[in-house]
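The values are calculated or read from the model by the stated rules, or taken from the named source; none is laboratory data. Note that the structure is predicted; figures quoted are calculated from it, not measured. Note that we place each Cβ from the backbone using ideal geometry, even for glycine, and neighbour counts take in every protein chain shown.
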Amino acid sequence: MIELRGIEKVYPLGAHAVHALRGVDLTIRPGELVAITGPSGSGKSTLLQITGCLDTPTRGSYRLLGEEVAGLGARRLALIRNRILGFVFQSYHLLARLSAARNVELPLLYAGVGRSERRSRARAALEEVGLGDRVDHRPSELSGGERQRVAVARALVTRPKVVLADEPTGNLDSRSGEAVLELFRQANRARGITIIVVTHDRSVACSMDREVAIRDGNIVKDGAPALVA
Amino acid sequence: MSPLALSRLAVFALWDEKRRVGLAVVGVVIGVTSIVLLISIGVGARTYVRQQFSGIGANVLVILPGRVETTGAMPGVTTGTPHPITIDDVRALRRSCREIKEIAPIVLGSSHISNGERSRDCLVLGTTAEFEEVRRFHPAVGHFLPPDGQMSRGDRICALGHTVARELFPSETALGKKVKIGGSSYRVQAIMERKGRQQGFDVDDLAFIPEPAGRRLFNARGETRVLVELVAIEEEEKGAAAIRKLLKERHKGVEDFTVLTAGSVMDILQRIVAVLTGALAGIAGVSLVVGGIGIANVAIVATTARTEEVGIKKALGAHPAWILAQFLLESGLTGALGGAAGAALAALGVALAKLALGDALPLETPLWSVALAIAVCAAIGLLAGGLPAARAARLDPVAALRSGGGKK
Ligand SMILES: Nc1ncnc2c1ncn2[C@@H]1O[C@H](COP(=O)(O)OP(=O)(O)OP(=O)(O)O)[C@@H](O)[C@H]1O
Ligand SMILES: [Mg+2]
């Protein structure tokens, strides 16, 4: 489902360019639960962004569901993000002026889903993450853990094939973090959604099925979490 | 995404920024206010002229004693000491000017008029039968005054306007009754048809007496004004020239009178309007530019401050065109809002001016000017918002998301 071959990412930064990724080969099959780990600056976020079609690689091939996406334009990538992918970020990235329900509705709006269906699906998604009684709250009226659960609901509401999360528990205490991870595991188990989580928390990594460790833009280990450690 | 949903998002965003939007809109509001006021004055001036000559006909000239300064002052303001325009002048014009079809002298003044206990002050016109033709103002019942030359200072007959007749004789017809005008008794031999307001005053609130009686009543040496109907409308300038030549000869070579044509009044008004137009257009132009810059500023600030929002929307799969459309819609709406506010302000100004000026200048705010102002402002908003919006639409989602980092 996800096939990365020889992926390089170079940020031209004045005289010396930064090689964030130096030829990454990675295959992820449908329904996998993957952690990407590594020290700060190793290229985890860059890899996730390319996998999430938010960014394009400098070199290499990326096939998503069999389609080569490395050279696609902004519109086509927007469509792929909307229909196939879901995102959860460390800093939530909710729209401050919209209620929880409206935030969750947003990707459906872009998908052209009608108003009433949007409403009911957003409500259902919020109920699924345990926020059925918070639909009309604005992000500022929610705790960090609740905000992140809204973000998870927003990522899942479009019924994506893959959910990508960059340090989703980074701003949360261990209990809220565990609740968010449990939502991921549940979506993975119940609906077969592929989950890719970037983290540098060992216990988070260990709760996944597979760990991909990166160092200086290269994959250094790939396997069951316990063995990687 | 439906246009409706899109505009709801835009309205949400505007509401969030209401203070900044309000400030940006001020310039546009001033601009639009001046534009709409300007149009109101222009349209009003045109209506004023039309009213002045309505019911008289386009091929009618007015001769006034004294020189009217045509450089800025409103018509009717005379300077210098004139020779009076006498009834003999009028007769001479009637005799020798081929361009003239009818000529009606008018002696105008205000006088007391009464029927026993009932009395009022009203405008009294001393004139002749020709007035009826030139002014196209006819009696509803009875016969108007006799023609020039067929009446003497002793004739004690009158015609009453509709309002005067009703006020003095509320329960019976005035026809054939006697009224007192300025101490003398007159027999009512006509009641005029209803016409309403014309030339800035109520023509139903007039009384008509023979021209010689009028001159005696107001102790006048000559006519207050003379109405001339020309044979043909194309003769306006030719007729005016002929009248000027003859009258000047009779006034010992001094042009101490004024011949007003519809065209000359238009000229004067157009000069006044042009001055106003210049001033207001300047204000309008400057403030629309300032307003446009204000909107552009808000748009730039909005797209910069909301970079994270753009990033989020892109991550969620918003088509770049939607981002563009939303920001454009916001600045367009901002402009239109300013336009609407300006138009409302101008309408208020016009309403106040109407209260203050009464009927002196019939100001009008045509609907098209309001629509135009709003459209222009929306266009300014779109232009001003265009560049920042295009930038936002092209934003790289990764960079945009990073900008919002930290807490939220
Ligand atoms: N837009 C950019 N321009 C230049 N260099 C960049 C840019 N984004 C990332 N980099 C560089 O690429 C390298 C990898 O960055 P990346 O964000 O992927 O690291 P990371 O593994 O996610 O680190 P962290 O755990 O701190 O989030 C870093 O050296 C970083 O400085
Ligand atoms: Mg990172």
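Take residue A:40 and decide whether it is surrounded by fewer than 18 Cβ atoms within 10 Å (Cβ to Cβ) and among the hydroxyl-bearing types (Ser, Thr, Tyr).
Numbers: surrounded by fewer than 18 Cβ atoms within 10 Å (Cβ to Cβ): yes; among the hydroxyl-bearing types (Ser, Thr, Tyr): yes.
Answer is yes for this residue.
Sort out which residues of the stretch A:189-203 are crowded, with 16+ Cβ neighbours inside 10 Å and away from ligand 2 (no atom under 16 Å from the Cβ), and write them in order of number. Spell out the reasoning first.
So the first thing to find is which residues in the stretch A:189-203 are crowded, with 16+ Cβ neighbours inside 10 Å, and the list is A:193-201.
A:193, A:194, A:195, listed by residue number.
From (1) within 14 Å of chain B (Cβ to nearest Cβ); (2) farther than 15 Å from residue A:85 by Cβ; (3) within 16 Å of ligand 1 (Cβ to nearest atom), pick out the condition that doesn't hold for residue A:166.
So the condition that residue A:166 fails would be (2).
Exactly one condition in (1) in contact with a Ser or Thr (Cβ under 6 Å, 6 or more places away or on another chain); (2) under 27 Å from residue A:57 (Cβ atoms) is false for residue A:154; which is it?
If we test residue A:154 against (1) in contact with a Ser or Thr (Cβ under 6 Å, 6 or more places away or on another chain); (2) under 27 Å from residue A:57 (Cβ atoms), just (1) comes out false.
Can you tell which of B:274, B:318 is of a type in the set (Gly, Ala, Ser) and part of a helix (DSSP H, G or I)? If you could, list the steps in order and put the result at the bottom.
Details: B:318 fails: part of a helix (DSSP H, G or I).
Going through B:274, B:318 in turn, the sole match is B:274.
If residue B:213 meets every condition in (1) crowded, with 23+ Cβ neighbours inside 10 Å; (2) not in a helix (DSSP H, G or I) apart from one, which number is that one?
(2) is the only condition that residue B:213 fails.
How many of the residues making up the stretch A:18-37 are away from ligand 1 (no atom under 13 Å from the Cβ) and either more than 27 Å from residue A:188 (Cα to Cα) or loosely packed, with under 12 Cβ neighbours inside 10 Å (or both)?
The qualifying residues number 2.
Pick from the stretch A:1-17 the residues that are within 14 Å of chain B (Cβ to nearest Cβ) and part of a strand (DSSP E or B): which of them is farthest from ligand 1 (Cβ to nearest atom)?
Only one residue tops the list, namely A:9.
Exactly one of these conditions fails for residue B:330: (1) at pLDDT below 85; (2) over 30 Å from residue B:37 (Cβ atoms). Give me its number.
So the condition that residue B:330 fails would be (2).
Can we say residue A:106 is closer than 19 Å to residue B:3 by Cα and outside any loop (DSSP other than H, G, I, E, B)? First the steps, then the outcome.
On the way: closer than 19 Å to residue B:3 by Cα: yes; outside any loop (DSSP other than H, G, I, E, B): yes.
So residue A:106 passes the test.
Please go through (1) part of a helix (DSSP H, G or I); (2) crowded, with 22+ Cβ neighbours inside 10 Å; (3) touching a Cys at 6+ places or on another chain (Cβ under 9 Å); (4) not charged (D, E, K, R) for residue B:228 and return the number of the only condition it doesn't satisfy.
Here residue B:228 clears every test but (1).
Residue by residue, here is whether (1) β-branched (Val, Ile, Thr); (2) more than 14 Å from ligand 2 (Cβ to nearest atom); (3) outside any strand (DSSP E or B) holds:
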| residue | (1), (2), (3) |
| --- | --- |
| A:24 | yes, yes, no |
| A:40 | no, no, yes |
| A:53 | no, yes, yes |
| A:70 | no, yes, yes |
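Scan the stretch B:331-348 and tell me whether some residue there is surrounded by 17 or more Cβ atoms within 10 Å (Cβ to Cβ) and more than 33 Å from the chain's Cα centre (by Cα).
Yes: the stretch B:331-348 contains one or more residues that are surrounded by 17 or more Cβ atoms within 10 Å (Cβ to Cβ) and more than 33 Å from the chain's Cα centre (by Cα).
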